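The values are calculated or read from the model by the stated rules, or taken from the named source; none is laboratory data. Computed from a predicted structure; not experimentally measured. Positions of Cβ are generated from backbone atoms using ideal geometry, with glycine treated the same way; all protein chains shown enter the neighbour counts. The protein model used for the area step is the full one, side chains on, heavy atoms only, and it has no ligands, DNA or RNA in it. Shrake-Rupley method; radii C 1.70, N 1.55, O 1.52, S 1.80 Å.
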Amino acid sequence: MSYLRLSSYTNMHTFFSHPMSLVMMTLLPALLTACGGPLVGVTVVDERTALENQVLGTYQELNQQVMLVASVRYIDPKGKLKQTQELPPGKKDVVRALQRVSFNKDDLNRYKSLGIIGENNEGGVTLLEPEKVQPDDRAFVENLIKEENEDRLAIMGRIVETNETLTPSELPRVHKMFAALNRDKALKGERIQLDNGTWTQKDATP
């Protein structure tokens, strides 16, 4: 590779692209505003807004926990940096996922800007134009996509597991919600997949 990959725990505040600047940018008090219209339309909007607020609120809590884990450490008698406490398996997995999402963010954005990788309608990413990838970089790009999708699934799954108001049956809705947020935050020219399966280029500035 001809470019350098940099990682920092402070990048945790900019996640899913992703998602995870994507999600942080959406964590604003005025996430969505209900609009006028038939009562049934308002009800649908209210339900969607409630789900988004629950999911994004839970994600924010997970992100804060990661920042805390990264900062609360100590030096043992042998001079080695140690965690103050062992994390439970579920939390450890999502911490690793969030850290790797942050680490891979610049590389992912680079290939998205080239139209090689796109945001699909299930909350993940897809390799769209493998022929544009240099032979020496193919394994790297394939692994990048694999890691990104694994991490997003781990994060979305953990959000459902740790939110008392969500059930496993609602995981597909969470995937669709993150996909919609990823489309909203995609940059002009990036490839996105619509709910009906059609791939297109983002034609409006975020």
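For LYS132 and LYS188, the difference between the fully extended length at 0.36 nm per residue and the C-alpha to C-alpha distance is 18.2 nm. Under the convention that each Lys and Arg Cβ holds +1 and each Asp and Glu Cβ holds -1, the size of the dipole of the range 117-173 around its Cα centre is about 120 debye. A full extension of the chain between LYS91 and ASN109 corresponds to an added length of 3.8 nm, given 0.36 nm per residue minus the alpha carbon distance.
Per residue, the accessible area of the range 104-144 comes to 46 Å², computed with a 1.4 Å probe over protein heavy atoms only. For the range 88-206, the relative contact order is 29 percent, taking Cα pairs closer than 8 Å that sit 6 or more residues apart in sequence and dividing their mean separation by the residue count. Rounded, prolate or oblate: which one fits the range 134-206, using the alpha carbon gyration tensor with axes a ≥ b ≥ c (rounded when a/c is under 1.5, else prolate when a/b beats b/c, else oblate)? Oblate, because a/c is 1.5 or more while a/b does not exceed b/c. Between the beta carbons of ALA139 and ASN53, assuming R0 = 41 Å, the FRET efficiency works out to 0.55 to the nearest 0.05. Rounded to the nearest 20, the size of the Cβ-charge dipole of the range 159-206 about its Cα centre is 280 debye, with Lys and Arg at +1 and Asp and Glu at -1.
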